[in-house]
Structure formats: structure tokens, C-alpha cells
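The values are calculated or read from the model by the stated rules, or taken from the named source; none is laboratory data. The structure displayed is predicted, hence computed values, not measured ones. All Cβ positions, glycine included, derive from the backbone under ideal geometry; neighbour counts span all protein chains shown. Keep in mind that these areas ignore ligands, DNA and RNA; they rest on the heavy atoms of the full protein, side chains included. Shrake-Rupley method; radii C 1.70, N 1.55, O 1.52, S 1.80 Å.
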Amino acid sequence: MTSGTLPNGLTLGSTTGTISGTPTATASAPVTFKVQDSSSPQQSTTVTLTLAVVSPVGITTSSLPSALVGQAYSVTLAASGGTTPYSWSLSSGTLPSGLSLNGATGAISGTPTATASTALTFKVQDSSSPQQSATLTLTLAVVSVVGITTGSLPGGVVGQAYSATLAANGGTTPYTWSVASGTLPAGLSLNGSTGVISGTPTAAASAPITF
């Protein structure tokens, strides 16, 4: 080498011209090499080349949010290392109906048409030479829209124990319940985990409550 420095961890074999080793850090710098033969008189020539050392490419997305049937969905896979731009593909599994993967951006988008829970293996490939790639398996769940199926509540009697359970379907359990507007009659309370309204009412009341 007549100018420049090889990336850390690499060495040049002076008789073979082999650059070898295990690079320890990213780098990209021009290095000028000189070759000299054994003739008499000796001949030599030089060339300046750039050796780029990049970090390993990897997928940094660790999970995929659930999608809802009939509602627009969009999430973008992310990667790091290597050399951008990246190209994305699905190496195993099939996206739920209505969704597609953009190979240039890593965006999964569309409107799912049916419930599903699918394991998908994504592959990302960078633009370095030689190219690097990484794969990761993630699960994408498509669930139905959550809804409350209880249409009415039985009446209670002052001084007598009361219990009624709100019911829901769709979405992903467990559910969490709360009172969005209004107030439960005195003596009654709502269990946020089970949807059970219970207690002993202490006064007559009749008012709409939004759960």
C-alpha cells in the first residue's frame, strides 16, 4: 500500500495480493495499491480502490400490530445495517386477503377482508456488493371489530343483591370494561376485567349509562 489504510482487522499479503481477515468496524476509504514484478529492471504500477465495510443487515421490526377486518391497515417493516436502499420480499407464508407488501418500502397495507392469524417470514436484501440479506418470522393477526352484544340490563331492587354481566365479541380478548358516560346506581360497581355489574343498590334510579 502506498497510501491509505486498510479497515481494522484486514491485512494485505505482500506476495499474494490477498486482502483477508475479519473487519471490526465500518469503513469506506480509498487505498492505493502498488504491484511490482521480478523483472530486471523491475516494473510497477498502482491503482486506487475503495474498500467499503458495512454493518450486517438486520430486520429491526419485532412484532406486527393486529389488523381489523374491513378497516384500512398500514405498517412499515424496518431494517438497519448494510447499504440502502433495501428490497423486501415474503419468503414464506401468505399475507391475509386484502393486504400486500411493497417490496421497495417494506410497507404492508390494504384492507383485510377476513379474520386470520398467519406466521410470515420476511426477507430484506441490501444494495451492497456482495449483497446481504436477513430473514425474520412475524405473526400478523387479523381480527373482527370488537362490539358489545348486551342489548339491555335487567332491573334491580333496592336492598337486594344485583349481578349482570356485559358481553362482547370480536377483537382480541381479554377485554377491558369501563363506564364512558353516566353513573351506576348507588351501591353498584363495574368490574373492569369481567364486565360484571354487581352490588346492592341503595336507592331507586333509572338513567342511561354508556359502557
Q | GNM top mover of Val57, Val47, Val75 - the chain, alpha-carbon springs below 10 Å | A | Val47
Q) Given the Cα-Cα distance of Ser198 and Gln131 and 0.36 nm per residue of separation, how much length would full extension add, in nm? A) 17.8 nm
(Q) Run the simple label-point estimate for Gln42 and Thr18 please: 7 Å along Cα→C-beta, distance reported in nm. (A) 2.2
Q | Relative contact order [Cα under 8 Å, 6+ residues apart], the chain, whole percent | A | 13
**Q.** Other-chain or far-sequence residues with amide H under 5 Å of Leu120's (modelled H)
**A.** Leu138, Thr139, Leu140
Q) For the stretch 1-106, what log10 I(q)/I(0) values come out of the Debye formula at q = 0.16 1/Å, with one point per alpha carbon and no solvent? A) -0.84
**Q.** Largest-first ordering by accessible area, 1.4 Å probe, given options Val35, Val53
**A.** Val35, Val53
Q) Tell me, what is the FRET efficiency for Ile209 and Thr173 to the nearest 0.05, using R0 = 22 angstrom and their Cβ-Cβ distance as r? A) 0.45
Q.
Given a 1.4 angstrom probe, what's the average accessible area per residue across the chain, in square angstrom?
A. 59
Q.
At 7 Å along Cα-to-Cβ for each site, give me the label-to-label distance between Lys34 and Ser62 in nm.
A. 5.3
Q. Once the principal axes of the Cα atoms of the chain are found, what is the range along each, listed largest first in whole angstroms?
A. 115, 33, 21
Q. Expressed as a whole percentage, what fraction of the accessible surface of the chain belongs to carbon and sulfur atoms when a 1.4 Å probe is rolled over the protein heavy atoms?
A. 52
Q. How much length is gained if the chain between Leu51 and Ser144 is pulled fully straight, taking 0.36 nm per residue apart and subtracting their Cα-Cα distance, in nm to one decimal?
A. 28.2 nm
(Q) Please list 3J(HN,Hα) in residue order for the stretch 6-14, calculated via the Karplus relation 6.51 cos²θ - 1.76 cosθ + 1.60 where θ = phi - 60°; whole Hz, with x for glycine and proline. (A) 5, x, 3, x, 10, 9, 10, x, 5
